[in-house]
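Down below is the structure, laid out as structure tokens.
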Amino acid sequence: MSQETWLGIDLGTQSVRVLVVGADGTVLGSGTAPLDGRRDGPRHEQDPGEWWAAVCTASGAALGNGSRRIAGLAVCGTSGTVLLTDPAGRPVTPALMYDDGRAWAEAERLRSAGLAVQHTWGLPKALWLARTHGRGTVTHQPDLITARLIGRPVPTDSSHALKTAYDVAADAWPDVPGAPGLPDVVRPGTLLGEVCPAAAEATGIPAGTPVIAGMTDGCAAQIASGALREGSWNSVLGTTLVLKGASPVPVHDPTGVVYNHRAPDGSWLPGGASSVGAGVLTAAFVGADPAVMDERAAAHEPAGAIAYPLVSPGERFPFLAPQATALVLGEPAGDADLWAALLQGVAFAERLCLDYLHHLGAPLDGPLAFTGGGARSPYWNQLRADILGRPARIPEQTEPALGMAVLAAHGVTGEALPDIAESMVRIRTVVAPRPGRTALFAEPYARLVTELTTRGWLPEPVAAHAYSRLTLDTADS
Ligand SMILES: Nc1ncnc2c1ncn2[C@@H]1O[C@H](COP(=O)(O)OP(=O)(O)O)[C@@H](O)[C@H]1O
Ligand SMILES: O=C(CO)[C@H](O)[C@H](O)COP(=O)(O)O
């Protein structure tokens, strides 16, 4: 690949991040700008008008004052965030965020019509918006930014459209009676247009820069981890846990817990998003220093209590249980023991996600990467490798914006995405499981699986599969 420079834009929950990246993955510039949101019970909204201003600030900071040539850019957003726009592409509603849970009734109706959607997905929320605000065209978070960059409304990409129920296998919208207007769709990596002079003036990104159709932030993080070859997986441990892998065929899950994004080359990126995650630490230990707590937790292996640490009520992966609440079995012997139980509980949930994927027949024999804020803890990385019984790669730079820079390079050069990712993604370290450690955690893991089954959250065949994989792994360790 030539020595070009690429730009990635990540529209997140709390901020917009922009990275300027060289052909070897070196970060040449970065910028960020905060975003506000409104939460009220199950409702979570953002003002889409704020996104453009934040993109301008973050791009300006990433590019500095220089007139650097950018060979291409792509934009990712939070998956399932939607709003409605008028024919000129202007917002006519607030944006309902990916975790906004108000569209229960709409989701129920869609499911009874045969569409495997969760209530936080884009299509039920778009129906809710159409019912309460009137009609408009469904627009995903990045569509508003790519339109502004190019200077006219542009198609959406099939990745952000997935949770609006776009059929990525048939490359078509399903027939949804009463649906608001649906946008044209292109595959990720397609050229959408070029940065127009007005957008260049506002952002500092040179006019004429190619704008490439992006993917969701979850897929962007996967690209940034390099996990794009068959059987490779990326586990993003941030506030919550998202697992995504690469497969030549979709992983079929009738319950919709695991769903499949589609890579630009037509291969599949199966995965799911759990409500377990590192967010429980922030909530339970306000102001604690993770490094200090990790050091103290090392004396509690296994912990005296067993946790299933949901960040918010309801679980979506590795099982669907809207009624599930965080659980702690047993009485932790102090704060270090509780911290240990939470770290171990997240790793147990991660193990169960992999067991579930295996149960569905997903290919799992490639490398596993750990990314997200939780991967900043070397202790937790080791613990997770021990409990999973498999090594994990920790990349140097794992931001979704890097994934978008890689996708832009693919879109402009036409080189295969996995090849470009390998030339731009650097692995910092590989953590191997310690001998005997998987067996040390076998009993609490099995107890947790039993408890989840007894509560009716985890289907029994999945539990049986988890026990049999545990027997195999502990015989080896
Ligand atoms: N050293 C650490 N040890 C444990 N958890 C950490 C550490 N650093 C960050 N985190 C966790 O990472 C989470 C944030 O992850 P991040 O990927 O940055 O954000 P988000 O998922 O919100 O996009 C927080 O919940 C925080 O508790
Ligand atoms: O919590 C989220 C914010 O976007 C998403 O649910 C998560 O990233 C997974 O979404 P996807 O698999 O569609 O990328």
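Here are a few things to note about the model shown:
- Segment 240-262, residues that are within 21 Å of ALA401 (Cβ to Cβ) and either surrounded by fewer than 20 Cβ atoms within 10 Å (Cβ to Cβ) or more than 16 Å from ligand 1 (Cβ to nearest atom) (or both): ALA246, HIS261
- Considering PRO270, PRO318, PRO313, the condition of being at pLDDT below 95 and within 25 Å of ALA221 (Cβ to Cβ) is satisfied by PRO313 alone.
- GLY330 being on the phi > 0 side of the Ramachandran plot and without any contact (Cβ under 8 Å) to a residue 60 or more places away in the chain: yes
- Subset of segment 374-422 (residues that are at pLDDT below 95 and polar (S, T, N, Q)): GLN397, THR398
- Residue count, segment 246-280 (criterion: within 11 Å of ligand 2 (Cβ to nearest atom), within 21 Å of THR164 (Cα to Cα) and not aromatic (Phe, Trp, Tyr)): 10
- The residue list ASP10, ASP24 contains one member that is touching a residue at least 24 places away in the same chain (Cβ under 8 Å) and either closer than 30 Å to ALA103 by Cβ or open to solvent by less than 60 Å² (accessible area, probe 1.4 Å) (or both), which is ASP10.
- One residue from VAL425, VAL406, VAL431 being of a type in the set (Val, Ile, Thr), within 16 Å of ligand 2 (Cβ to nearest atom) and open to solvent by less than 40 Å² (accessible area, probe 1.4 Å): VAL406
- Residue match in segment 207-216 (condition: within 16 Å of ligand 1 (Cβ to nearest atom) and either among the polar types (S, T, N, Q) or at pLDDT below 95 (or both)): yes
- Filter pass, ASP265 being in contact (Cβ under 8 Å) with a residue 60 or more places away in the chain, in contact with a helix residue (DSSP H, G or I) (Cβ under 8 Å, 6 or more places away or on another chain), open to solvent by 10 Å² or more (accessible area, probe 1.4 Å) and within 11 Å of ligand 1 (Cβ to nearest atom): no
- Filtered residues of segment 146-178 (kept if among the charged types (D, E, K, R) and under 23 Å from PRO87 (Cβ atoms)): ARG148, ARG152, ASP157, ASP175
- Within this structure, LEU237 fails the test of being over 20 Å from PRO309 (Cα atoms), among the hydrophobic types (A, V, I, L, M, F, W, C), in the same structural domain as PHE370 (by TED's automatic domain parsing) and buried (at least 23 other Cβ atoms within 10 Å of the Cβ).
- Annotation: of all residues in segment 285-294 being surrounded by 15 or more Cβ atoms within 10 Å (Cβ to Cβ) and under 18 Å from VAL328 (Cβ atoms), the one that is farthest from ligand 2 (Cβ to nearest atom) is MET293.
- Residue satisfying all of: in segment 365-396; polar (S, T, N, Q) and touching a strand residue (DSSP E or B) at 6+ places or on another chain (Cβ under 6 Å); surrounded by the most Cβ atoms within 10 Å (Cβ to Cβ) among these: THR371
The values are calculated or read from the model by the stated rules, or taken from the named source; none is laboratory data. What you see is a predicted model, and the numbers here were worked out from it, not measured in a lab. Please note: Cβ atoms are built from the backbone with ideal geometry, for glycine as well, and neighbour counts cover all protein chains shown. Note: areas computed on protein heavy atoms with side chains; ligands, DNA, RNA excluded. Shrake-Rupley method; radii C 1.70, N 1.55, O 1.52, S 1.80 Å.
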